[in-house]
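Written out below as structure tokens is the structure these notes cover.
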Amino acid sequence: MKIKVKHCKLADAEHKEEPRIFAHVFHHKDVICVCKAFDKLPIENKTGILWHELGHLLGNKIYLYGPDDEEIMADMRAQAMGIRIWYDKDKIQWACEDIYHVAYQYNNNKTIVLKEKRKQKYGI
Ligand SMILES: [Zn+2]
Ligand SMILES: [Zn+2]
């Protein structure tokens, strides 16, 4: 599963309207659209946001029983992949890459490559 991360003017507009919104999906196929402000966020917020959005994209791949609330289900799908998404005081997604060894590379091509492998450094 290869997902690209791209800047999108609609994401900039949404962020301006609602400051805690930094990204969306289902605008372009296999793309997570992010606003410009996304780049300035700490890596933990980027991690949480990207995994939350991936949780939306995994809707047709991971079937879970849960509430009729797509925002909760997105986080639950990420959790099913071993990623716990938290929310910081600004209600922005947050995920601890060091603890959960989030399986993505945010490389220069802005392509996220999902990897199955997780490290066990913390024994969690
Ligand atoms: Zn977009
Ligand atoms: Zn969402």
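Of all the criteria given as (1) closer than 21 Å to GLU70 by Cα; (2) near ligand 1 (Cβ under 8 Å from one of its atoms); (3) modelled with pLDDT under 95, the one not satisfied by LYS6 is (1).
Could you please find all residues in the range 50-81 being within 11 Å of ligand 2 (Cβ to nearest atom) and in a loop (DSSP other than H, G, I, E, B)? Passing the criteria: only ASP69. Applying the selection to the range 1-18, what residues are surrounded by 13 or more Cβ atoms within 10 Å (Cβ to Cβ) and within 16 Å of ligand 2 (Cβ to nearest atom)? Across the range 1-18, the qualifying residues are ILE3, VAL5, CYS8, ALA11, GLU14, HIS15. Number of residues in the range 9-36 that are out of contact with any Lys or Arg (no Cβ under 9 Å at 6 or more places or on another chain), in a helix (DSSP H, G or I) and more than 9 Å from ligand 1 (Cβ to nearest atom) equals 4.
Taking the listed residues GLU71, GLU97, the one that is at pLDDT 80 or above and either more than 16 Å from ligand 1 (Cβ to nearest atom) or not small (Gly, Ala, Ser) (or both) is GLU71, with no other qualifying. Go through the range 37-49 residue by residue and tally those that are modelled with pLDDT of 90 or more and not in a helix (DSSP H, G or I). Matching residues across the range 37-49 total 1.
The number of residues in the range 15-60 that are in contact with a helix residue (DSSP H, G or I) (Cβ under 8 Å, 6 or more places away or on another chain) and of a type in the set (Lys, Arg) comes to 2.
The values are calculated or read from the model by the stated rules, or taken from the named source; none is laboratory data. Please read these numbers as outputs of a predicted model, since none were measured by experiment. We place every Cβ from the backbone using ideal geometry, glycine too, and count neighbours over all the protein chains shown.
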